[in-house]
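Read the structure below first, then the notes.
The values are calculated or read from the model by the stated rules, or taken from the named source; none is laboratory data. Predicted model, so just to flag it, every value in this text is computed and none were measured. Please note: Cβ atoms are built from the backbone with ideal geometry, for glycine as well, and neighbour counts cover all protein chains shown.
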């Protein structure tokens, strides 16, 4: 990933892809067994090349290869994987530890909606003291990660350990507070927060399901198509310097009101094993473009100058080591089955 990637062409590819996806779905509806991602890639190349010069076709191929590289660690969803409703029933009587194990197993084996693999570019520009500007392009999943299919999925809050373990295995990382704000500001659809009554039940599977249903009803009312960049319906689990100073905690932030003001300021009040219905895990690629140049997100976060583009806490020295340490400390997980 050492070649520059034109972010303008990423936007063109993303726009073209939405149109092509509709074509692919028409093929599927007609009874043809077509692999959507593969067909999308082929048709997108054809459509783009028909409307652009040959040189631009080459650039699109570069963009396509780059975007594919961001999701290459994600395994295909198994044919008989549980739906979100089936998974909710499966984990209903589990204790919290068992549920965390089951969630991680489902996600790391690919049981989540296909539309989450269609990453959305989110741009953040910063002007430095010398007057020069740099732009970071972060690639985020369009919604919080969930277990299940495109039509039937369950948004799955997770502990910090499970979040990091899942992110690393899929080739992703967690966002910063500043990235969360940028995602909200650039979202195509904004949900209104749907708080539920507080209490011990906040951590129950029943609350997960209840809040999931409220969100789906709201998205349906907003005519929000799967794969649309959406926000406002969950608090984010984020990376923060507070975690580096105080191991054993989880950092949460967000749940923005439509006005853009978050309900939840940055907080590390809870332990790393804590998760409740209001939390969401928005995975972002561990590769970020800095002025079209691919860079490791961890390298950027640790860079004394570049970190300020994606973090309003300044540089995060040791963030890569922190992520790996949490990964090493994660408890061994049972091999929960993907099948019914």
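The table that follows gives values for the structure above.
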| quantity | calculated |
| --- | --- |
| Some residue of region 218-226 being in the same structural domain as residue 117 (by TED's automatic domain parsing), assigned to a loop (DSSP other than H, G, I, E, B) and over 18 Å from the mean Cα position of the chain (by Cα) | yes |
| Boolean, residue 292 is closer than 21 Å to residue 136 by Cα, touching a strand residue (DSSP E or B) at 6+ places or on another chain (Cβ under 9 Å), assigned by TED's automatic domain parsing to the domain that holds residue 185 and modelled with pLDDT under 95 | yes |
| Which listed residue is surrounded by fewer than 18 Cβ atoms within 10 Å (Cβ to Cβ), free of Cβ contacts under 8 Å to residues at least 40 places away in the same chain and assigned to a strand (DSSP E or B), from 265, 304 | 265 |
| Residues within region 227-255 that are under 30 Å from residue 302 (Cβ atoms), at pLDDT 95 or above and not in a helix (DSSP H, G or I), tallied | 16 |
| Failed item in (1) surrounded by fewer than 18 Cβ atoms within 10 Å (Cβ to Cβ); (2) more than 17 Å from the chain's Cα centre (by Cα), with residue 207 passing the rest | (1) |
| Qualifying residue in region 324-338 (condition: more than 19 Å from the chain's Cα centre (by Cα) and either farther than 26 Å from residue 101 by Cα or at pLDDT 95 or above (or both)) | no |
